[in-house]
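Every read-out reported here was derived from the displayed coordinates using simple, explicitly stated rules and does not represent laboratory data. Nothing here was measured: the structure is a model prediction, and the numbers come from that model.
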């Protein structure tokens, strides 16, 4: 089984990724769209795909729920994954926030 280092390489490619966020002011829902990738160390190959997510505030400035999914094109098939994450936001400035979260992931 190949060892996947997706997280490390996602951070390396994050500078090149463009994320589209649409905020609906009336409900505070955030729609997230963007690229995703992973690197298979043993094979020396990369897989790329797309990710989509929806973030909904449950308790304003205290709890948010994110439902996300991704599809990666791998050799011969498509790998699907999804996650349901409960997050606690911390506002650092008017345009920046830091979040801590946990939840189940399906891969």
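Subtracting the Cα-Cα distance of residue 105 and residue 62 from 0.36 nm times their residue separation leaves 13.3 nm of extension gain.
Working out 0.36 nm times the residue gap between residue 31 and residue 71, then minus their Cα-Cα distance, what length gain in nm do you get to one decimal? Write down the numbers at each step before the final one.
Working: separation 40, 0.36 × 40 = 14.40 nm, distance 1.67 nm.
Net length gain for the segment: 12.7 nm.
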